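Below: one structure, written as structure tokens.
The values are calculated or read from the model by the stated rules, or taken from the named source; none is laboratory data. Predicted model only: the values in this text are computed from it and were never measured. All Cβ positions, glycine included, derive from the backbone under ideal geometry; neighbour counts span all protein chains shown. In case anyone asks, the SASA skips ligands and DNA or RNA and just uses the protein heavy atoms, side chains included. Shrake-Rupley method; radii C 1.70, N 1.55, O 1.52, S 1.80 Å.
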Amino acid sequence: LVVAISQSGETMDTLMALRHAKEQKARVLAICNTSGSTIPRESDAVLYTRSGPEVAVASTKAFLTQLVACYLVGLHLAQVRGIKYADEVGAVVAQLQQMSGKVEQVLESMEPVRALGRDLADAKSVLFIGRHVGFPVALEGALKLKELAYMHAEGFAAGELKHGPIALIEEGTPVVCIVPSPRGRGMLHEKIVSNIQEVRARGARTIVIAEEGDDDVKQFADHLITVPATPTLLAPLVTTVPLQVLAAEIATARGNDVDQPRNLAKSVTVE
């Protein structure tokens, strides 16, 4: 099984990979937002994300719905392979159904993040660190900042910090830290708190995204952004949103068009 993920359904490199997969006799499932587009038509099956038209070039809501679709595929495969029982899958689906309300909660509390974005508009570089599911969230946060604000930004797995990236830290460097729930994987939480202390000791300006009620990180956060308590594996649905808002606000403060970033197209139609 090959899963092809595309907002537009016309992404050329994904389409070419899909065709190659089919030549190799693989079956292809498309996860797509655009009904009737090329990638769903050429796939064996399609799971539509139905997030509505995304006008901006840089994907936001489509990204979140793609995450949800991937969760659903994973849950279904777990059930049919006998790895999870139906009631276990049902419990996660019930949690997923609560996530839209939690995303709304996050959006309603974003004014401090927008103020921080305006304050960071002149930063030379912003670094993002995360562990476990927080690592791809760090990558997404850095990508949004590159796309919208045209700033240098990098996302790192926090466990690799002392293997090189910590050399980038200088006085005042903004470092965004995505902190896992202390309730889920306690060891990961302790380790990223240690990472936050390490970068702060070297002069970093720490911007910490953590679960409500996580008191252990407060003392090490120059800026604390809280998100609703969420099961560990579903956390990216709420931790990604503040990073998207931050990037949009920094870009706006720098006078950029957040919907039409330079050099980018909504659908990549060449390989």
Fill in: Count - residues of the stretch 257-271 that are open to solvent by less than 80 Å² (accessible area, probe 1.4 Å), of a type outside the set (Val, Ile, Thr) and within 25 Å of Ala17 (Cβ to Cβ)
5
Discussion item. Quick check on my filter: what residues within the stretch 42-69 are more than 24 Å from Ala248 (Cα to Cα) and either without any contact (Cβ under 8 Å) to a residue 12 or more places away in the chain or crowded, with 18+ Cβ neighbours inside 10 Å (or both)?
Written reply: Ser43, Val46, Leu47, Ala69
Worksheet, complete the sentence: The correct count of residues that are touching a residue at least 60 places away in the same chain (Cβ under 8 Å) and over 21 Å from Gln260 (Cα atoms) in the stretch 128-152 is 9
Practice prompt. May I ask you to verify whether Val93 is within 24 Å of Gln66 (Cβ to Cβ) and without any contact (Cβ under 8 Å) to a residue 24 or more places away in the chain?
Written response: yes
Worksheet item: Does the stretch 228-271 hold any residues that are free of Cβ contacts under 8 Å to residues at least 24 places away in the same chain and out of contact with any helix residue (DSSP H, G or I) (no Cβ under 9 Å at 6 or more places or on another chain), and which are they?
Response: Gly255, Asn263
Worksheet item: Out of the stretch 126-150, which residues are crowded, with 21+ Cβ neighbours inside 10 Å and either in contact with a His (Cβ under 8 Å, 6 or more places away or on another chain) or within 16 Å of Arg254 (Cβ to Cβ) (or both)?
Response: Val126, Lys144, Leu145, Glu147, Leu148, Ala149
Practice prompt. Working only within the stretch 116-125, note down all residues that are surrounded by fewer than 19 Cβ atoms within 10 Å (Cβ to Cβ) and in contact (Cβ under 8 Å) with a residue 12 or more places away in the chain.
Written response: Arg118, Ala121, Ala123, Lys124, Ser125
Response to the item:
Checked the stretch 75-98 for anything under 23 Å from Thr34 (Cβ atoms) and open to solvent by less than 40 Å² (accessible area, probe 1.4 Å); matches are Leu96
